[in-house]
1. Just grab the label-to-label distance for E142 and A74, each label 7 Å out from Cα along the Cβ direction, in nm (one decimal).
2. Tell me which GluC sites (Glu not before Pro) from the stretch 95-172 have a DSSP coil assignment and no more than 16 other beta carbons within 10 Å of their own.
3. Run the numbers for D166 and S150: contour at 0.36 nm per residue of separation, minus the present Cα-Cα distance, in nm.
4. For S23, S150, which order do you get if you count the other beta carbons within 10 Å of each Cβ and list the fewest first?
5. With θ set to phi - 60°, apply the Karplus curve 6.51 cos²θ - 1.76 cosθ + 1.60 along the stretch 157-164 and write out the HN-Hα couplings as whole Hz, x wherever there is a Gly or Pro.
Amino acid sequence: MADDPRHPRERWNRRYGERPPPSEPSAFLTDRADLLPDGGRALDLAGGAGRHAIWLARRGFEVTLTDVSDTACARAGARADAAGVELDVRRIELGVEPLPAGPFSLVLSHAYLDTEVWREAIGRLGVGGVALLCQPTVRTLERRDRPGRSWLLEEGQMEAFTSTLDGIEVLELSEGWTDEDRHEARAVLRRAAGC
Ligand SMILES: C[S@@+](CC[C@H](N)C(=O)[O-])C[C@H]1O[C@@H](n2cnc3c(N)ncnc32)[C@H](O)[C@@H]1O
């Protein structure tokens, strides 16, 4: 129900109204610039106000940003206009509404947890396409009390998830603390030829 205050759209619209979203892309993405394909179509899952999508568009990707929040989508569009880049912004409730059609050369999920959506998006990678996944783990609660438990990966869950994917090479699996005291699990994956 779109006007149910518990619906993710309403909850995230409120969150975006309370706190300005970050505008700089995360180090998770920028530190891995060398692993990105040369260009093509990119899918930013739950891309929020567009900080990663705009960075990717500036690097020549044709980016589709999906997010459930009207506020996030509007801000992403406005930021893209201000930055002089084009974004295809789609207000989609992931896990409920269908993903945009592929193929994509890049899939990004940063701070959004739904392994079934990840799996489906990775299934839309073309040959040689790369997926970057980054999500805080439960260890984050050792140092801070957010995000809530439902947004945190269990220990080992990222590795277990990647082991279930067919035709996918694992380029990186790592965990570590960020400067903001988040403990993140990260995966960089590539669709192998012939799969
Ligand atoms: C922590 S923010 C991360 C935003 C962005 N990926 C970033 O790193 O800046 C989580 C995002 O997930 C979006 N979101 C939550 N549930 C969603 C759903 N079911 N479908 C699409 N977007 C969703 C929220 O609106 C919010 O923009």
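Quick note: the coordinates plus some simple rules give every number you see, no bench work behind them. What you see is a predicted model, and the numbers here were worked out from it, not measured in a lab. Note that we place each Cβ from the backbone using ideal geometry, even for glycine, and neighbour counts take in every protein chain shown.
1. 4.2
2. Working: sites: E116, E120, E142, E154, E155, E159, E169, E172; in loops: E154, E155.
Those satisfying the criteria are E154, E155.
3. Working: separation 16, 0.36 × 16 = 5.76 nm, distance 2.63 nm.
Length gained, D166 through S150: 3.1 nm.
4. Details: S23 12, S150 6.
Lowest count first: S150, S23.
5. Ordered by residue, 3J(HN,Hα) equals 5, 5, 5, 4, 4, 5, 6, 8 Hz.
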